[in-house]
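Notes to accompany the following structure.
FYI, it's all coordinate maths here, none of it is from the lab. Note that the structure is predicted; figures quoted are calculated from it, not measured. Here the Cβ is made from the backbone with ideal geometry for all residues, glycine too, and neighbour counts use every protein chain on show.
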Amino acid sequence: MRTLIELNVNNESYPIDVEGRTRLLDALRDKCLLTGAKEGCSTGDCGACTVHLDGQPVTSCLVLAASTVGHKIVTIEGVADGEELHPVQKAFMECGGLQCGICTPGMIMTSIAFLKENPSPTRDEIRDGLQGNICRCTGYDKIVDAVQAAALELDGKAGSKK
Amino acid sequence: MREFEYHTPGTIDEAVALLQQYEANARLMAGGTDLVIMMTDKVVSPEHVVDIKGIPEAAHFGWDAESGLTIGAAVPFRRLETSPEVRRFYPGMYEAASEVGSWQIRNLGTAGGNLCTASPAGEIGPILYALDAQVEIAGPRGRQRLPVQQFITGVRRTVLEPDEMLVSIHVPPPGQRTSSHYIKLKERQKMDIAFVGVAASIELEAGDGVVREARIALGAVAPTPIRAPKAEATLRGQRLTDALLAEAGREAAETARPIVDVRASAEYRKEMVDVLTRRALRQAATLAAR
């Protein structure tokens with residue numbers, strides 16, 4: 001049964017029609033036309049579909065779209081400030097924290113949430129924070145480099161605001 | 001995934017009424033981390049999905065010294081993992097909650113759902129057994145509370161009738177000099193299923209390190225989580241020496257009835273029950289003595 005719902009994605013309202021079974025991932029990609037979140041495993045294991053739900057990372061392949069009405073969703077499309085990329089996005093580019101790119105939106109979404117909870121992590125803590133995001137290309141080292149570089153950059157910014 | 005009608009009841013009574021109306025055609029959903037996968041794979045194809053996340057009683061999480069911990073059926077693991085009270089009073093529950101899936105999964109998946117799925121390798125069962133938890137069930141015939149050990153009846157089976165639901169989990173407040181620990185044995189550090197899970201809760205007498213009460217629960221080595229009563233009896237009233245721990249470990253291993261599968265042999269699982277029981281008891285006792 002199709003129903004009209006309104007999703008709050010990246011601080012914009014998206015009135016879309018969904019079925020009961022429509023997953024958040026499909027609603028974002030097919031209805032909101034936000035194709036940043038990727039479908040990898042469809043079982044919540046790979047993290048490629050990670051978005052923020054009320055500020056916390058979730059695998060959008062396991063969430064029903066209808067259950068997110070009234071909640072705040074942020075996708076990779078919503079993290080840059082206009083033309084200015086998010087510091088974590090920049091760090092992934094500068095450190096080469098990606099190869100094929102499929103896992104990257106999920107990696108970055110988890111990393112952004114992680115750095116909010118742990119602004120100056122060790123390399124082991126970064127690996128633990130990214131436990132739910134799988135990369136088949138990089139071997140992870142450059143991803144960890146990128147998160148560490150982003151931590152320094154974000155920390156510096158926080159410092160300069162004081 | 002087959003199409004279904006999605007329901008969002010606001011109260012437990014409304015949810016029960018929906019279950020009564022649709023019975024076997026309805027499935028309850030909390031975090032959805034098990035159900036959505038099962039529906040995607042068409043293992044189950046309910047015509048009605050009843051989402052309980054919006055029910056305040058199911059979303060309630062609270063602690064007080066009188067009644068202990070209340071975990072509503074829709075409370076995500078992440079809430080347990082980040083609760084200072086859980087970490088302080090029930091360290092074994094902190095360990096178990098943080099062993100589940102990934103951060104993303106723990107933001108969605110719930111302790112109540114994990115219990116209702118009743119997988120033999122489920123993470124939350126053993127620690128709830130070791131903490132002597134109770135569950136509250138609602139149905140058309142009213143509410144009832146029962147020990148968590150009576151809730152899980154077999155592989156992916158619980159006592160719930162099609163028109164009944166889990167409302168909340170209740171963990172009694174810890175006594176003095178009481179603590180707990182949980183160890184999950186797995187191949188990968190995260191995102192893996194337990195070969196063996198061992199939960200231990202221990203209460204010490206004042207001063208002398210003698211065990212007043214001990215509870216040991218094993219996961220992934222029988223169709224349901226199981227207690228190790230013989231090992232528990234061995235510990236009661238005794239000082240916790242290496243020899244006593246060795247005896248308790250052996251007895252716990254004898255209690256286990258593991259299967260052989262792609263992850264591990266039965267012999268290996270039994271051996272690991274022995275080792276992990278000793279470790280979990282020692283760690284729980286160290287925390288209890290603080």
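A few comments on the model shown:
- Taking each of A:Lys142/B:Lys190; A:Lys116/B:Lys190; A:Lys116/B:Lys186; A:Lys116/A:Lys142; B:Lys230/B:Lys270 in turn, the alpha-carbon distance tops 27 angstrom for A:Lys116/B:Lys186.
- Loop-located GluC sites (Glu not before Pro) in the range A:31-93 (DSSP state other than H, G, I, E, B) with a sparse environment of at most 10 neighbouring Cβ atoms within 10 Å: A:Glu83.
- Shape call, chain B: gyration tensor on alpha carbons, a/c limit 1.5: prolate
- Estimated FRET transfer efficiency when R0 is 56 angstrom, pair B:Ala222-A:Cys100 (beta carbons, to 0.05): 0.85
- Charge tally in the Cβ shell below 15 Å around B:Asp51, where Lys, Arg are +1 and Asp, Glu are -1, B:Asp51 excluded: -2
- What you get for the range B:1-114, charging only the Cβ of Lys and Arg (+1) and of Asp and Glu (-1), is a dipole of about 380 debye around the Cα centre.
- Annotation: peptides B:239-247, B:2-10, B:22-30, ranked by per-residue average of other Cβ atoms within 10 Å with the highest first, follow the order B:22-30, B:2-10, B:239-247.
- A cut-off under 11 angstrom between Cβ atoms defines the neighbours of B:Arg87, and their net charge, with Lys, Arg +1 and Asp, Glu -1, is -2.
- Whole-Hz couplings from phi, Karplus 6.51/-1.76/1.60, listed for the range B:257-264; x for Gly and Pro: 10, x, 8, 9, 8, 4, 7, 6
- Summarising the amide proton neighbourhood of A:Cys49: residues at separation of 5 or more, or on other chains, whose placed amide H is nearer than 5 Å comprise A:Lys38, A:Gly40, A:Ser60.
- Think of chain B as a dipole: +1 on every Lys or Arg Cβ, -1 on every Asp or Glu Cβ, centred on the Cα centre; then among B:Ala289, B:Val50, B:Pro162, B:Ala289 lies furthest on the positive end.
- Average beta-carbon neighbours from other chains, 10 Å sphere, peptide B:29-40: 4
- Taking the range A:87-161 and dividing mean pair separation by its residue count, relative contact order in percent (alpha carbons under 8 Å, at least six apart): 49 percent
- With contacts taken as Cα pairs under 8 Å at a separation of at least 6 residues, the range B:142-290 carries a relative contact order of 24 percent.
- Taking the C-alpha atoms only, the angle from helix B:12-22 to the longest principal axis of chain B is near 60 degrees.
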